[in-house]
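The values are calculated or read from the model by the stated rules, or taken from the named source; none is laboratory data. All of these numbers come straight from a predicted model, not from anything done at the bench. Ideal geometry is used to build each Cβ from the backbone, glycine not excepted, and the neighbour counts take in all protein chains shown.
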Amino acid sequence: MKLLITGGAGFIGSHVVRLFVTKYPEYQIYNLDALTYAGNLANLSDIENAPNYTFIKGDITDAKFLEDMFAELSFDGVIHLAAESHVDRSITDPMSFVMTNVVGTVNLLNAAKNSWVSTGGFDGKRFYHVSTDEVYGSLHNPEDFFTEETAYDPQSPYSASKAASDHFVRAYGNTYKMPVVLSNCSNNYGPNHFPEKLIPLMIHNIQTNKPLPVYGKGENVRDWLFVVDHARAIDAVFHKGKLGETYNIGGFNEWKNLDLVHLLCQIMDRKLGRPEGTSAQLITYVTDRAGHDLRYAIDANKIMNELGWQPSLQFEEGLEKTVDWFLANQTWLENVTSGAYQSYYKGMYANR
Ligand code: NAD
Ligand code: TYD
């Protein structure tokens, strides 16, 4: 099995690459990543010399590059995670989301289709598109959950671009009979999370005594899943998921933002030896995000019942692990927040 994983230098992708490289030594794993601001090869330093692992620097918006790469390497499978992923950035720069998430995904579909059609067809091949629960929009009734049948209703430029990419993947499955499978996951957290997102940003700001910016009143609800459990779910969907199907992934773990920030403050006070209540004083209410989705909540019964996947960690345990990881990996955090990680790896791969 020659497997292409895109976006493997990012947060979730790096956990997926690690899982596949270590669990499947018989597979050749290729990690294709453009190393944007969100890509950091330090996330994979522990497996970078594994014999079944190869890094390729490249951009999925470059169709010719993808065609050449598929012609040379003849992949059997694709797990597609490369994307622009931050809602706030999509509000200030929507076009980069269109380019990577929509155009990049269609480029990748074309490259895989052309390569597979010209080398004997789709038998034994698989194109797996990793997506988000944000395509379903915002829930307002507390009893509602997103199921695989929920109609798409994206509300941010990010979720609109991911919804468009999901539609293209399904359209290629229907029109060209490409062997596609999809999953839509809730918010992830864990080691290597880029500190522009809520949980790592709060951990970093608590540690450095900076204000904790809570958007609006902090009443928005997110459904959190430990990143390694998402990687395990991706393994299950890639190997056992039915072609043409979609699987929602989540751990039935909803938290109001303000409650979550308070919990993080408590954990950090304990870890840093600060008197209880110290870090919570840093909470600062700031202007709400434009078009801020109120609530996301995933119904994960299908993947649990059909593929036997279950989250392995309770949230409090996962948060402790996450906080411990950030406190033990100060160099990683400093390199990311200072930007040093970018010049290091950009220099290393500049000529590829
Ligand atoms: P991330 O932003 O941490 O990483 C994205 C990776 O893609 C980076 O390594 C980046 O360099 C790479 N990339 C970006 N543009 C590229 C391009 N044009 N060509 C090649 N590589 C490019 O994102 P993440 O949080 O790890 O999310 C990964 C995937 O999972 C995304 O598709 C996202 O939509 C989806 N997802 C994320 C979450 C979440 O909570 N973070 C939840 C559900 C689904
Ligand atoms: P985020 O981690 O950006 O993920 P997403 O927007 O994809 O769900 O944000 C999670 C929630 O936290 C979301 O409701 C916005 C809120 N938030 C803040 O209140 N303050 C912040 O500084 C950030 C980054 C997010």
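Being surrounded by fewer than 20 Cβ atoms within 10 Å (Cβ to Cβ) and touching a residue at least 24 places away in the same chain (Cβ under 8 Å) is the filter here, so list the residues in region 239-252 that pass it.
Correct list: K240, K242, L243, G244, E245, F252.
Is it the case that region 107-116 has a residue that's under 20 Å from K302 (Cβ atoms) and not aliphatic (A, V, I, L, M)?
no
Only residues in region 195-213 that are touching a residue at least 24 places away in the same chain (Cβ under 8 Å) and in a helix (DSSP H, G or I) count as the first member; pair them with residues that are within 15 Å of ligand 1 (Cβ to nearest atom) and of a type in the set (A, V, I, L, M, F, W, C), Cβ under 7 angstrom, at least 6 apart or cross-chain, and list the lot.
Here the result reads P200/F194; H204/L333, each pair linking region 195-213 to a residue that is within 15 Å of ligand 1 (Cβ to nearest atom) and of a type in the set (A, V, I, L, M, F, W, C).
Does any residue of region 129-141 turn out to be farther than 20 Å from S85 by Cβ and surrounded by fewer than 18 Cβ atoms within 10 Å (Cβ to Cβ)?
Checked against the condition, which is being farther than 20 Å from S85 by Cβ and surrounded by fewer than 18 Cβ atoms within 10 Å (Cβ to Cβ), region 129-141 yields at least one hit.
When the residues of region 114-127 are narrowed to those that are assigned to a loop (DSSP other than H, G, I, E, B) and in contact (Cβ under 8 Å) with a residue 24 or more places away in the chain, which ends up nearest to K197 (Cα to Cα)?
Checked region 114-127; the qualifying residue nearest to K197 (Cα to Cα) is K125.
Starting from residues that are in a loop (DSSP other than H, G, I, E, B) and farther than 13 Å from T284 by Cα, keep the ones in region 214-233 and report whichever is nearest to ligand 2 (Cβ to nearest atom).
It comes out as N220.
So which residues in region 138-162 are more than 20 Å from N253 (Cβ to Cβ), within 13 Å of ligand 2 (Cβ to nearest atom) and outside any helix (DSSP H, G or I)?
Within region 138-162, P154, Q155, S156 meet the criteria.
Would you tally the residues in region 78-128 being among the basic types (K, R) and out of contact with any strand residue (DSSP E or B) (no Cβ under 9 Å at 6 or more places or on another chain)?
1
Any residue at all in region 111-132 that's within 22 Å of the chain's Cα centre (by Cα), at pLDDT 95 or above and farther than 14 Å from F168 by Cα?
yes
Read through the list (1) within 12 Å of ligand 1 (Cβ to nearest atom); (2) under 22 Å from T61 (Cβ atoms), then give the number of the only condition that W116 fails.
(1)
Which condition number does H167 fail, the rest of (1) of a type outside the set (S, T, N, Q); (2) part of a helix (DSSP H, G or I); (3) away from ligand 1 (no atom under 15 Å from the Cβ); (4) more than 30 Å from W332 (Cβ to Cβ) being met?
(3)
Which of the residues spanning region 165-195 are surrounded by fewer than 20 Cβ atoms within 10 Å (Cβ to Cβ), within 15 Å of ligand 2 (Cβ to nearest atom) and either farther than 22 Å from G250 by Cβ or hydroxyl-bearing (S, T, Y) (or both)?
P195
Report, ordered by the first and then the second residue, all pairs with beta carbons closer than 6 Å, sequence separation of six or more or different chains, a first member in region 82-99 that is under 18 Å from C185 (Cβ atoms), and a second member that is more than 15 Å from ligand 2 (Cβ to nearest atom) and of a type in the set (A, V, I, L, M).
Once the first residue is under 18 Å from C185 (Cβ atoms) and sits in region 82-99, its partners that are more than 15 Å from ligand 2 (Cβ to nearest atom) and of a type in the set (A, V, I, L, M) give A82/I60.
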